Amino acid sequence: MLKVAAIGGGTGLSILLYGLKKYFHVSAIVTVGDNGGGSGILREDLNMLPPGDIRNCLLALSEAPEDLQKLLNYRFKEGILNNQSLGNLIIAGMVKNEGSFEKGIELVSNVLKISGSVYPVTIDNMDLCAKLSDGLTVLGESEIALFALKRKAKIEELSLISEVKITQNAKKAIEEADFITLGPGSLYTSVICNLLVSGMKEILQDKKIIYISNVMTQPEETYRFSLSDHIFEIEKYLDRPIDYCIANTLVPNANTIKKYNLEGSDVVLPSEEEIKFFGDRLKTGNFLEEKKGYIRSDAKNVAKKLLELFHD
């Protein structure tokens, strides 16, 4: 079975993992820059890395009974635990009990019987910093999205407040992988942020890299971005070209698009010029899934395309 190291964060990475785990041996390399919501509270109160994205990836790769997964996804809706998920609290407890973030995750991984591995990209305190197109500098992942949207400004440059190093587990998983995936997910705060971790770009220089393009733009990070805008930003921080990009060509329901347009989001579709420009590096197809008026990446079709790509 081919090995893939899937780098990213947020909902995008966890959705992709559901598709990958059937066809590949998966190692998820997950950003830990989140400072908002329940994860941000645990990060500040317990002086630990944020567990939210890690939890989502563990559940995506889990072979545990559905009831157990449902239990860990339960989110409190009142009181001092308001907006906290039970899974986050369990991870926090195991991290404190084991005295190590990585050992805590390993213990929870065993309980959930995950197929593959989940590693934080770093165990250092990871804080994002963004310079916006209107000159404002913003600190913190949640603040970046908030201010970029509020001021209708683009992210001109993303950086880390202080240097953080890639973990040995993440490094080894990447080195041993047959290929690497980047995305889908928030372009800057879920994908590109991982490329800023010390040691990451050097390991990736000789690897096969596939960018899984977002199927929709995000008003807070990629307002009116074309497919090539996404790719060029990835390559800018990667310091090398990607090998392939998987891009959706399916147009969703008109009413659904209209709803997303009202929120400042639009479908990312390759233009004829982009298809010609990227040539064989661009792999197109139906990679969009629409359920109950919501749009997301079709992880199963993405996984099948990757399998086809690396078995040719």
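The values are calculated or read from the model by the stated rules, or taken from the named source; none is laboratory data. The shown structure was predicted, so the numbers you read here are calculated from the model rather than taken from an experiment. With ideal geometry, Cβ positions are generated from the backbone for all residues, glycine too; neighbour counts draw on all protein chains shown. Side chains included, ligands, DNA and RNA excluded: accessible areas come from the protein's heavy atoms. Shrake-Rupley method; radii C 1.70, N 1.55, O 1.52, S 1.80 Å.
Treating the beta-carbon of each Lys and Arg as +1 and of each Asp and Glu as -1, no other charges, what is the dipole magnitude of segment 68-163 about its Cα centre, to the nearest 20 debye?
540 debye
Once you charge only the Cβ atoms, +1 for Lys and Arg and -1 for Asp and Glu, what is the size of the charge dipole of the chain about its Cα centre, to the nearest 20 debye?
Here the chain has a charge dipole of around 660 debye.
Among Val268, Gly199, Leu238, which residue has its Cα positioned farthest towards the positive end of the charge dipole of segment 173-312, with +1 placed on the Cβ of Lys and Arg, -1 on the Cβ of Asp and Glu, and the dipole taken about the Cα centre?
Val268
Per-residue accessible area for His25 at 1.4 Å probe radius, Å² rounded to 10?
The accessible area of His25 comes to roughly 80 Å².
Can you tell which of Leu250, Leu132, Val164 lies farthest toward the positive end of the dipole of segment 121-260, using +1 and -1 charges on the Cβ of basic and acidic side chains (Lys, Arg; Asp, Glu)?
Leu250
With every protein chain kept in place and ligands, DNA and RNA left out, what is the accessible area per residue of segment 65-204? Probe 1.4 Å, answer in Å².
For segment 65-204, the solvent-accessible area averages 50 Å² per residue.
Scan segment 50-147 for trypsin sites (Lys or Arg not before Pro) in coil per DSSP, keeping those whose Cβ has at most 11 other Cβ atoms within 10 Å, and list them by number.
In loop regions of segment 50-147 (DSSP not H, G, I, E or B), the sparsely surrounded trypsin sites (Lys or Arg not before Pro) are Lys77.
Using a 1.4 angstrom probe on heavy atoms only, work out the carbon and sulfur share of the accessible area of segment 89-247 in %.
47 percent
Mind giving me the nanometre distance, one decimal, between the label points for Lys113 and Arg296, set 7 Å out from Cα along Cα→Cβ?
It is 2.3 nm.
For Thr284, Thr122, what's the largest-to-smallest order of accessible area, 1.4 Å probe?
Thr284, Thr122
Out of all DSSP beta bridges in the chain, what portion is antiparallel? Express it as a percent rounded to 5.
So the antiparallel bridges amount to about 40 percent of the total.
May I ask you to give the percent of accessible area on segment 248-292 that is carbon plus sulfur, with a probe radius of 1.4 Å?
52 percent
Sorted by accessible area with a 1.4 angstrom probe, largest first, how do Glu263, Glu143 fall?
Glu263, Glu143
Glu63: accessible area at probe 1.4 Å, nearest 10 Å²?
Surface open to solvent at Glu63 totals about 110 Å².
Determine, from the Cβ-Cβ distance of Asn255 and Leu146 and an R0 of 35 Å, the FRET efficiency 1/(1 + (r/R0)^6), rounded to the nearest 0.05.
Efficiency for this residue pair is about 0.75.
Testing the spin-label approximation: label points 7 Å from Cα along Cα→Cβ at Leu81 and Asn286. State their distance in nm.
4.3 nm
With every protein chain in place, what's the accessible area of Lys3 (1.4 Å probe, Å², nearest 10)?
Ignoring ligands and nucleic acids, Lys3 comes out at about 80 Å².
Roughly how big is segment 127-213's charge dipole about its Cα centre, with Cβ charges of +1 (Lys, Arg) and -1 (Asp, Glu), in debye to the nearest 20?
Computed about the Cα centre, the dipole is about 220 debye.
What does the helix-only formula give at 222 nm for the chain: each DSSP H stretch with n ≥ 4 adding -39500 (n - 2.57), the total divided by the residues, and the result rounded to the nearest 500 deg cm²/dmol?
Calculated mean residue ellipticity at 222 nm is -12000 deg cm²/dmol.
Of the cross-linked pairs Lys154/Lys283; Lys77/Lys172; Lys172/Lys236; Lys113/Lys171; Lys150/Lys259, which ones have a Cα-Cα span greater than 30 Å in the structure shown?
Lys77/Lys172
Please list Met94, Met200 in order of solvent-accessible area, largest first, computed with a 1.4 Å probe with all protein chains present.
Final ranking, largest accessible area leading: Met94, Met200.
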